[in-house]
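The values are calculated or read from the model by the stated rules, or taken from the named source; none is laboratory data. This is a predicted model, so every value here is computed, not measured. Because the Cβ atoms are built from the backbone with ideal geometry, glycine has one as well, and the counts that use them run over all protein chains shown. Side chains are part of the model used for accessible areas, which takes the heavy atoms of the whole protein and leaves out ligands, DNA and RNA. Shrake-Rupley method; radii C 1.70, N 1.55, O 1.52, S 1.80 Å.
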Amino acid sequence: MRLVALLTFLSVAAVQAHGDFPLRDAVECHPRAGLPNFIAKVKAGESVRVAYLGGSITAAPGWRIQSREWLQAQFPDATVNEIHAAIGGTGSDLGVFRLQRDALQHDPDLLFVEFAVNDGGAAPERIHRSMEGIIRQTWAANPATDICFVYTLTQPMLPDLKAGKMPRAASAMEDLADHYSIPSIHFGVEVARLESAGKLIFKAPKPADMAAEPMVFSTDGVHPHVETGHRLYTQTIARSWPQITAASQDAKPHAIGKPLREDNWEQAKMVAIQPEMLTGNWTKLPSDHALAKRFQRNMPELYQANEPGARLEFTFEGTHAGVFDLLGPDGGEVRVDLDGKQATRNRIDGYCTYHRMATLNVGSDLEPAQHTVKMELTPNQLDKREILFERNRGDFDAKPDKYQGRTWYASSLMLIGDLK
C-alpha cells in the first residue's frame, strides 16, 4: 500500500511539474536496431544470460520469469539464464548506481530495463541522465550486450495511453532509445486497448476465477496479477519479437558514440564501505543475521551503528554522494556534514513498520571538486509515533519495543566520482 500511494502521488506530481514535456505517440514496439547480438547467439544454440533491471513489477514472479521461459521455448537449442536485478520501489536513479554489481558483473547478453513506473515522478532531465548512464555503463563494460527498454504502467497512466500518448517517463526514455537505436516495448498499449473495449478491469478485488471475463489486471492499480496482467506483458514481448528480429542485422559491438547529455551518470557506481571509514561502535552484520539474510542479494555487506557517535567519514572527488542504507522502526537520526555544511536525516519514516532499502542522499549536482563527508549517528530521541503515518501508529502502540532502537544500517556508498 505504501508503494501504491507513492506511485500514484508521483504520477500526479509529474503531470503538475512537467506538464509541458512533449509526449510520444503510444506505439507498442519500436524495433530500431533490434537485438542483433542476442538473437545471433540464441539462433546458434549458445548459452545466454538475460538481465532484468527494474522495480517491483519486474521483481514479481511474473513477466520476468514468463519471458525467460518464452525465450527458452522459442530457442530450445539455446540455454537461457536469468539475472534477477530488480528491487521494488526503486527507479533508474538507484539502478544506475547498482548496475555493475547487480547485473553487469554477470556479463549479460541482453539487458531489459524497466523503470517507467518508478520514474513516473522524476524530471525528464533526471531520467535522461540516469538512463543514459545505464546505457553507457553497459556498453563500456561489454559493447556486445544488447539493451531493450520495456515500459509498464499504473492506473494514473491510463488516460495518456487511451489518448494515444506514452506517459511522461516513457516519453523521456524514448529520447535515449532514439539516440542509441535501442528497441523499446510498451506493455501498456494493449492493456489500454482492452480496458477501453471493456475486456479488462484495471483495478478490482482479485476474482476467485482468474479466467473470468472481463479479466482483472490488478488489485492495487500498480502490480499486475501473474495470471492476467503479467501474462499480457509477456504476450507483448512475443508479439514484438518478429519486428525486433527483422530489424536485427549482423552481430557487432555497439558504438557508444556522443552522449545525449554531457552530464549523464555514466560514472555512477557503488563503492564498498571500508573499515577505516568507520569510527565508534559499529558491527558488520554476520551472514546469519535476520536483516543480513533478508537483504543479502542487494546488500552483500551491511554495517550497523550501535550507539550515538558512530561515524562514517570519506573524501571523494566528484559531483554526487549518497549511502545505500536501510530505513526501519529502530532507525535513528544521522547528522550529515558535507564540506562543513550540516543537515540531519531520519532513518525512519511514516511507512516504517518494517525495514526496507533506501538511499540517503548526501549531495547532488556538486561542483566537480574534492568533497569531505562526515556522517554520525546522533543521540537525539525521535518521536517515532509522531513520525509514523496515523494508520501505522497502531503498530507502534501494540509493539513499542520494536521502535526503541536508535541505530543506522549502512551498506555501501553511491558516488559519481572517486574516493580519495
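Points worth noting:
- Matching entry among Ala144, Ala170 (being touching a residue at least 60 places away in the same chain (Cβ under 8 Å), over 19 Å from Leu232 (Cα atoms) and hydrophobic (A, V, I, L, M, F, W, C)): Ala144
- Flag: Leu291 matches the condition of being at pLDDT 95 or above, within 25 Å of the chain's Cα centre (by Cα) and on the phi < 0 side of the Ramachandran plot.
- When Glu376, Glu367 are checked against the criterion of being outside any loop (DSSP other than H, G, I, E, B) and either exposed (fewer than 12 other Cβ atoms within 10 Å of the Cβ) or in contact (Cβ under 8 Å) with a residue 60 or more places away in the chain (or both), Glu376 stands alone in meeting it.
- Pick from the stretch 35-55, criterion open to solvent by 30 Å² or more (accessible area, probe 1.4 Å) and assigned to a helix (DSSP H, G or I), ranking: farthest from Phe115 (Cα to Cα): Lys43
- Of all residues in the stretch 56-88, those satisfying the criterion of being over 18 Å from Arg231 (Cα atoms), among the small types (Gly, Ala, Ser) and either over 16 Å from the mean Cα position of the chain (by Cα) or surrounded by fewer than 18 Cβ atoms within 10 Å (Cβ to Cβ) (or both) are Ala78, Gly88.
- Residues of the stretch 255-275 satisfying the condition of being open to solvent by 70 Å² or more (accessible area, probe 1.4 Å), over 20 Å from the mean Cα position of the chain (by Cα) and either of a type in the set (Ser, Thr, Tyr) or under 22 Å from Ser412 (Cβ atoms) (or both): Gln274, Pro275
- Among residues of the stretch 276-287, those that are in a loop (DSSP other than H, G, I, E, B), open to solvent by 60 Å² or more (accessible area, probe 1.4 Å) and under 25 Å from Leu99 (Cβ atoms), counted: 1
- Residue satisfying condition, being assigned to a loop (DSSP other than H, G, I, E, B), over 19 Å from Gly34 (Cα atoms) and at pLDDT 95 or above, within set Leu161, Leu153: Leu153
- Residue match in the stretch 71-90 (condition: in contact with an Asp or Glu (Cβ under 6 Å, 6 or more places away or on another chain) and charged (D, E, K, R)): no
- Condition met for Val96 (of a type outside the set (Ser, Thr, Tyr), in a loop (DSSP other than H, G, I, E, B), at pLDDT 95 or above and surrounded by 19 or more Cβ atoms within 10 Å (Cβ to Cβ)): no
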